[in-house]
1. Translational diffusion coefficient, Stokes-Einstein: compute it for the stretch 124-265 using the Kirkwood radius over C-alpha pairs as Rh, at 4 °C and 1.567 mPa s, and state it as an integer in µm² s⁻¹.
2. Which ordering of T82, T148, T420 is given by a fewest-first count of other beta-carbon atoms within 10 Å?
3. Hey, what number do you get for the chain at 222 nm if only DSSP H runs of n ≥ 4 count, each worth -39500 (n - 2.57), divided across all residues, to the nearest 500?
4. Tell me, what is a quarter of the convex hull surface for the C-alpha atoms of the chain, in nm² with one decimal?
5. Using the Cα centre of the chain as origin and beta-carbon charges of +1 (Lys, Arg) and -1 (Asp, Glu), tell me which of G226, V63, L106 is placed farthest towards the positive end of the dipole.
6. Convert each backbone phi in the stretch 28-38 into a coupling constant with the Karplus relation 6.51 cos²θ - 1.76 cosθ + 1.60 (shift: θ = phi - 60°), then list the ³J(HN,Hα) values in order as whole Hz, x for Gly and Pro.
7. Evaluate E = 1/(1 + (r/R0)^6) for V128 and V269, where r is the Cβ-Cβ distance and R0 equals 30 Å; express this FRET efficiency to the nearest 0.05.
8. What angle do you read, to the nearest 10 degrees and between 0 and 90, between the alpha-carbon axis of helix 444-467 and the longest principal axis of the chain?
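Read-outs: derived from the displayed coordinates by stated rules, not from any lab. Please read all numbers here as calculations on a predicted model, not as lab measurements. Positions of Cβ are backbone-derived with ideal geometry, glycine not excepted, and every protein chain shown enters the neighbour counts.
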Amino acid sequence: MGDAGYSGNTLTLTNGNHRMVSLQLDTSAGSGVLDLNGNTTTALGGALLVTGANDFTIQNGLVGITASGGREEIIHQFGTGTLTISATVGVSTNNMAVTKDGPGTLVFTAANPYTGNTAIDGGVFRAVDGTGLPTTSLLVLNNGVFETSAATFTRTLGSASGNVQITGGLSGFSANGGAVTVALGGVGSPTALTWGSANFNPGSLVLNESTANNTLNFQNAIDLNGSTRTINVNAASANTATISGVISSSLPGGALVKGGAGTLILSNVNTYTGATTISRGEVVVSGSLNGTTAVNVASGATLASGASGGSITTGATSGNAIDVAGILSPGDTNIAPITLTLATGTKLNFDSGSTLRLDVASAGSSDSVIFGGTASDWLSGSGNVTLAINGSIDYSSTYVVFQNVSTTGFAFAGITGYDTTNWKANITQVGDSYDLSFSVIPEPGSLVSLLGGLGLLLGLQRRHRRRD
């Protein structure tokens with residue numbers, strides 16, 4: 001390999017360029033730096049293996065294959081830390097390609113000149129398009145995620161140089177370092193994507209991986225193409241992913257599954273007619289689901305409407321149109337309604353252990369579930385259903401929970417989020433609405449005085465009778 005010198009956790013190469021069959025970096029003992037000291041490090045076999053749990057940086061030089069012939073540099077990032085290569089990767093004269101596999105995160109920060117494909121076969125590849133990811137390199141996502149800090153990512157979907165294609169696995173896009181808009185084909189006129197086509201066929205589409213630290217807006221329309229498709233948002237809830245394009249299905253049977261612990265916002269008028277399943281995390285409908293046969297909210301998952309509300313119109317003719325085993329949250333963390341227009345014979349059903357989360361404010365302002373169309377028997381529930389109140393309560397006000405529903409006898413097993421010491425929460429059916437109000441709990445002293453007064457009154461009545 002040549003000469004090198006150690007200083008702390010930094011290994012600095014000396015005395016010219018260095019060649020090796022492969023290079024393995026084990027970060028188990030701690031983070032570290034490989035300083036190329038302006039030299040070129042060539043992996044003749046084209047392989048770099050990283051293991052361990054800590055971060056590592058390769059800097060100040062050139063990494064890759066400089067010989068002619070279009071070789072491939074393979075980076076096996078199996079460490080759980082981040083591998084950052086701030087050294088230049090490749091040269092512009094030999095069509096060198098880069099393949100990244102393994103579940104870890106790889107970061108390119110230099111202005112890299114290589115011209116071959118960039119294939120992400122696992123984990124996260126973080127770069128800015130046109131800098132770390134060369135403009136002319138075809139980006140291929142096959143069980144990998146491209147993560148960036150650039151405000152927009154607008155590559156053309158295709159197989160030519162400078163394009164991007166998603167060919168399989170858990171693949172997609174993520175935001176780190178700033179909010180990102182993904183608009184394949186261009187902002188303002190993004191290309192409509194058909195799931196299952198040659199250049200767009202992820203096993204699951206990932207929008208914001210767990211490494212994301214900002215929001216992502218995916219502008220392309222998506223055709224589910226007659227199959228059940230999964231979209232995963234794995235980032236923390238604040239780092240939301242929004243699909244602002246229309247989700248449709250040109251063939252019958254197109255259905256959507258939301259996976260991952262993060263929050264997915266659906267902001268357009270979506271027209272697919274298959275089921276919507278929220279298996280993990282949260283789905284916020286700030287636009288609408290127009291024709292979905294059913295919505296199933298798994299235990300621990302959340303269905304919410306956006307800051308200005310949202311609507312769901314079902315196309316089912318029987319069964320439970322919206323089945324909540326987790327949380328239904330109209331307005332999410334804002335005061336807003338969710339409007340449910342259910343087909344004949346369908347219901348909003350709360351399973352045992354489920355929760356309706358209600359945001360309230362002063363003067364009777366609150367979230368609400370509004371049933372569209374003519375009032376009907378659209379509400380059902382079983383077992384332990386909780387009403388969770390959030391916000392500043394005006395205890396003299398009445399809040400409307402359900403509107404335009406004829407179901408009788410619906411009750412919550414428990415109501416939380418209010419002053420249970422001094423107030424009692426009441427759910428009352430008034431016409432076609434269910435209202436939430438509060439009544440004062442008498443103080444113990446007042447109750448004793450009242451009982452004492454009743455006792456004195458009874459005693460006086462008895463004396464009066466005896467005299468008579």
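1. After rounding, the answer is 88 µm²/s.
2. Least to most surrounded, the residues fall as T420, T82, T148.
3. When only DSSP H runs of four or more count, the value is -2000 deg cm²/dmol.
4. In nm², the orientation-averaged hull projection of the chain is 31.0.
5. G226
6. Going residue by residue, I get 4, 7, x, 6, x, 9, 9, 9, 6, 6, x Hz, with x marking Gly and Pro.
7. Step by step, r from the Cβ atoms, then E = 0.35.
8. So the helix axis and the longest Cα principal axis differ by about 10 degrees.
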